[in-house]
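Q: Before we start, here is the structure in question, set down as structure tokens.
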Amino acid sequence: MMATRSKSRNAPAGPSPFRVPASPLPSEKFTDPQWTANGEPRATVAFTGLKTLWFNTGTLCNLACANCYIESSPTNDALVYLSSANVRAFLDEIANTDLSTREIGFTGGEPFMNPEFLMVLEDTLTRGFDVLVLTNAMQPMRRREAKLLELGKRFGDRLTLRVSLDHHTSAIHEAERGAGNWGPVLAGLQWLAGNGLRIAVAGRQLAEEETAAARTGFAALFDKLGLELDAQNPEDLILFPEMDATADIAEITTGCWSILKKSPEDVMCATSRMVVHRKGESAPSIVACTLLPYEPDFSLGQSLAEAALPVALNHPHCARFCVLGGASCSA
């Protein structure tokens, strides 16, 4: 189930500047959860404990980007708004089962479009969690300034707002996010920082752009804006690898861990899960990670207890983003 993205009036007309330069993905890849197309055993990731629980607040967004992995837009409600009661039930499960969860993350769509989000945010912070909110810092967030200021004063650095700023140049950022987007995002960032709220930035990296050059470019921008963010620190500036499920990528086998000198315990699905509420379903469900909200093979039940299962890395995002890209949505 994947709803077709409906473009907003300001959506960019051209292709994403971050598109993946690769051949089409062969149809025989990522088809069997146990074996790769070459007949090798597929890598799996064991669940080691829930450090981060993500909630997708809904796929509706004020923007429609050139390449949004979840196809958020002003009309895509494939994931409907999570209610405060939905969220409360999972937070209660954490409390009642003594899980070691330290962080709650909220993503969308744009979380601030959910009419119950501030209620959810306050409840989550009151329970003592560290909270990470992914936002584009535009009008939906700015309409909630008074409450955000209150929460910032009450909970301090336990609340982090990670703002999506796709590039350190306006031309590339707007090629991805739409004309006229650059100024409002920077204004939102400066408002957050100027009012003492803890911020971070999520950027993306062009295929031909070296990581060092990207971080240098963001450092210059942060300095120009007067933001006390360290562009060399991945907690202040996280640069995500681009995702494209139609582009070719190597499958991850059990032998890759030693070849790549990586541990499955470092992959996002070892310690995190996400709650989604798919349109047409009577209740929310748990999926393996933030990247795969629609894929039935990555649905793990309707409770956190049911979701404590190993995950087969049977999707291009598992390879490109998590293992080869070394990325994680969590702090």
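Q: Any chance you could count how many residues in the stretch 270-290 are in contact with a strand residue (DSSP E or B) (Cβ under 9 Å, 6 or more places away or on another chain) and either surrounded by fewer than 20 Cβ atoms within 10 Å (Cβ to Cβ) or not polar (S, T, N, Q) (or both)?
A: Number of matching residues: 14.
Q: Could you say whether any residue in the stretch 246-268 is of a type in the set (A, V, I, L, M, F, W, C), surrounded by 15 or more Cβ atoms within 10 Å (Cβ to Cβ) and closer than 24 Å to P15 by Cβ?
A: Among the residues of the stretch 246-268, at least one is of a type in the set (A, V, I, L, M, F, W, C), surrounded by 15 or more Cβ atoms within 10 Å (Cβ to Cβ) and closer than 24 Å to P15 by Cβ, which makes the answer yes.
Q: Could I ask something else about it? Go through the stretch 58-76 and give me each residue that's at pLDDT 95 or above and either of a type in the set (D, E) or in contact with a Phe, Trp or Tyr (Cβ under 6 Å, 6 or more places away or on another chain) (or both).
A: G58, the sole residue that qualifies.
Q: Quick one: would you say T216 is touching a residue at least 12 places away in the same chain (Cβ under 8 Å), surrounded by 16 or more Cβ atoms within 10 Å (Cβ to Cβ) and not aromatic (F, W, Y)?
A: It is false that T216 is touching a residue at least 12 places away in the same chain (Cβ under 8 Å), surrounded by 16 or more Cβ atoms within 10 Å (Cβ to Cβ) and not aromatic (F, W, Y).
Q: Moving on to the next point. On the basis of being at pLDDT below 95, surrounded by fewer than 20 Cβ atoms within 10 Å (Cβ to Cβ) and either touching a helix residue (DSSP H, G or I) at 6+ places or on another chain (Cβ under 6 Å) or not in a strand (DSSP E or B) (or both), does L99 make the cut?
A: It is true that L99 is at pLDDT below 95, surrounded by fewer than 20 Cβ atoms within 10 Å (Cβ to Cβ) and either touching a helix residue (DSSP H, G or I) at 6+ places or on another chain (Cβ under 6 Å) or not in a strand (DSSP E or B) (or both).
Q: Then there is this: Taking G196, is it more than 25 Å from I286 (Cβ to Cβ), of a type outside the set (V, I, T), at pLDDT 95 or above and surrounded by fewer than 17 Cβ atoms within 10 Å (Cβ to Cβ)?
A: Against the criterion (more than 25 Å from I286 (Cβ to Cβ), of a type outside the set (V, I, T), at pLDDT 95 or above and surrounded by fewer than 17 Cβ atoms within 10 Å (Cβ to Cβ)), G196 qualifies.
Q: Keeping to the stretch 210-227, report how many residues are in a loop (DSSP other than H, G, I, E, B) and either under 15 Å from L186 (Cβ atoms) or among the basic types (K, R) (or both).
A: Qualifying residue count for the region: 2.
Q: Do we find that L260 is more than 21 Å from the chain's Cα centre (by Cα) and more than 16 Å from T36 (Cα to Cα) in this structure?
A: Judged against the criteria, L260 is a match.
Q: Only one of T52, T36 is crowded, with 18+ Cβ neighbours inside 10 Å, β-branched (V, I, T) and either farther than 27 Å from S258 by Cβ or in contact with a Gly (Cβ under 7 Å, 6 or more places away or on another chain) (or both); which?
A: T52
Q: Can you name every residue in the stretch 42-58 that is in a loop (DSSP other than H, G, I, E, B) and within 12 Å of the chain's Cα centre (by Cα)?
A: Passing the criteria: only T57.
The values are calculated or read from the model by the stated rules, or taken from the named source; none is laboratory data. Not measured: the values here are computed from a predicted model. For neighbour counting, all protein chains shown are included, and Cβ atoms are generated from backbone atoms with ideal geometry for every residue, glycine included.
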